[in-house]
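Enquirer: Have a look at this one before I ask anything.
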Amino acid sequence: MPLLYLIISLVILMLTGCAKTPYQVKHRNDLPVPTQTTKTTTQPQKKNIVTVKPQDVDDVWQRIALQLSFAPSQHSSVHQRIQWYLKHPNYMHEISRRAAPFLYYIVSEVERRNLPIELALMPLIESDFNTAAYSHKHASGLWQLTPLIAKHYGVKIGPWYDGRQDIVDATHAALDFLTYLHRRFNGNWYHAIAAYNTGEGRVARAIKNNQKQGKPSDFFSLKLPQQTRHYVPKLLAAAALLRQQEMEFPAITNQAVIDVVPLKNGVILTDASAWQSLESLNPGYTRFPALLDGPQHIVVKTADTASWHTYVAQQPLMPKQQWQQYTIVRGDSLSVIAQRHDLSVAQLKTFNQLTSSRIRAGKTLMLPILADKKIDYAVKSGDSLWRIARTFNVTVSKLMQWNSLSKETLRIGDKLTVFLAPL
């Protein structure tokens with residue numbers, strides 16, 4: 001038995017040694033080559049992902065869609081507004097037509113300030129991109145700025161110029177105001193946008209009241225005026241439709257179509273075709289073709305930039321038929337002359353390029369004849385804005401603008417101001 005066990009043990013050891021010998025490798029180069037049945041691990045091929053820059057797309061609406069940053073909202077008020085938009089497909093066609101000259105500029109300014117691109121949609125909610133929009137609260141222009149907010153941010157408002165309707169001045173003021181509100185409400189854009197609509201005090205009180213009662217203080221939980229409760233959802237709904245491409249937004253070319261040309265001195269445009277082409281781009285000048293007392297710039301089509309630079313550089317003399325020469329008499333002062341001709345001292349100084357208020361008897365001043373063509377018209381039975389506009393050869397929109405009217409309803413005895421262009 002011992003001999004038998006010894007023989008069996010020797011055999012087992014020999015077989016075990018034979019099994020190990022082929023796989024005992026001493027060098028890396030001696031690693032066995034995998035056979036056809038050995039599984040191999042391969043790295044997945046990387047796909048070439050093309051990233052489109054917002055500035056490179058053909059359509060400004062697409063440029064906005066690519067940069068939307070507000071989270072999609074499932075709130076019922078947002079859904080209801082989406083449905084309203086979808087039931088009115090022609091609405092966005094009209095919006096695109098009105099926005100075409102201005103949307104690229106607005107988007108560029110929002111991007112330059114590194115603000116949420118959704119803010120570029122606010123003129124859609126505020127005014128339907130109507131530059132002549134005017135509310136019963138005396139808000140005006142694309143951004144519906146009130147006189148108080150406009151003047152606080154340096155926008156000029158006077159009888160010759162209302163910067164709330166100027167694309168440059170109004171956009172800068174609106175974005176300045178929104179930036180302030182964003183800081184005021186600790187970085188909450190929904191609160192800031194709501195405050196833009198209804199006032200920061202009302203939103204702040206609504207937040208405070210909810211916090212006192214242990215309620216949520218997000219926008220949708222706040223007790224706010226009905227108009228404001230619908231305001232933010234309108235913006236979110238428009239953004240959702242852009243993001244999801246559920247509705248057609250007629251394309252607007254993604255390139256500058258307007259340019260801002262410096263205008264150091266006021267001018268009166270004598271070429272009818274020239275000023276007609278400018279009027280729609282410069283609605284801030286309330287008494288065309290007089291570009292007076294404005295913001296030291298005009299907005300022109302990019303194709304006309306070079307010719308307007310030349311025109312402005314030449315600064316042609318004011319046409320005699322639209323200006324009068326006034327000889328200063330003893331006892332006159334700029335304030336007396338200005339009041340007599342329905343002007344401001346600043347306007348008189350602008351017209352005559354005066355650096356001081358000192359004047360001397362015998363010297364002459366240039367005064368616009370337009371100042372003498374102001375009419376106070378009393379509304380009579382049967383009158384309408386259309387009929388009055390036709391009588392004086394002006395437009396209904398100008399009548400509404402001159403008289404700060406938010407609707408076309410008139411009452412007998414109402415006083416309307418009408419400015420007549422010189423013959």
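Enquirer: How long are the three semi-axes of the equivalent ellipsoid of region 200-271, in whole Å, if each is the root of 5 times an eigenvalue of the C-alpha gyration tensor, listed from largest down?
Expert: With the √(5λ) rule applied to region 200-271, the semi-axes are 41, 24, 10 Å.
Enquirer: Sticking with this one: Step through the residues of region 80-92 one at a time and calculate ³J(HN,Hα) from phi using the Karplus curve (6.51 cos²θ - 1.76 cosθ + 1.60, θ = phi - 60°), rounding each to whole Hz and writing x for Gly and Pro.
Expert: Here the 3J(HN,Hα) series is 4, 5, 4, 5, 5, 4, 5, 7, 10, x, 6, 4, 5 Hz.
Enquirer: Here's another thing I want to ask about it. Give the separation of the Cα centroids, region 166-217 to region 223-294, in Å.
Expert: Region 166-217 and region 223-294 have Cα centres separated by 23 Å.
Enquirer: What number comes out for the charge environment of S77, summing +1 per Lys or Arg and -1 per Asp or Glu over other residues with Cβ under 15 Å away?
Expert: +3
Enquirer: What's the center-to-center distance, using Cα atoms, between region 382-423 and region 82-158 in Å?
Expert: Using only Cα atoms to place each centre, the spacing works out to 25 Å.
Enquirer: Here are some pairs, K264/K349; K151/K407; K87/K223; K156/K407; which of them have Cα atoms lying more than 18 Å apart in this structure?
Expert: Pairs exceeding the cut-off: K151/K407; K87/K223; K156/K407.
Enquirer: Can I ask one more? Would you please name the trypsin sites (Lys or Arg not before Pro) within region 57-135 that are DSSP coil residues with at most 15 other C-beta atoms within 10 Å of their C-beta?
Expert: R113
Enquirer: So how much accessible area does E279 have, in Å² to the nearest 10, using a 1.4 Å probe?
Expert: About 60 Å², ignoring ligands and nucleic acids.
Enquirer: Given R₀ = 25 Å, FRET efficiency for Q325-Q296 by Cβ-Cβ distance, to 0.05?
Expert: Approximately 0.50, to the nearest 0.05.
The values are calculated or read from the model by the stated rules, or taken from the named source; none is laboratory data. Nothing here was measured: the structure is a model prediction, and the numbers come from that model. For neighbour counting, all protein chains shown are included, and Cβ atoms are generated from backbone atoms with ideal geometry for every residue, glycine included. The accessibility values were calculated without ligands, DNA or RNA, using every heavy atom of the protein model including side chains. Shrake-Rupley method; radii C 1.70, N 1.55, O 1.52, S 1.80 Å.
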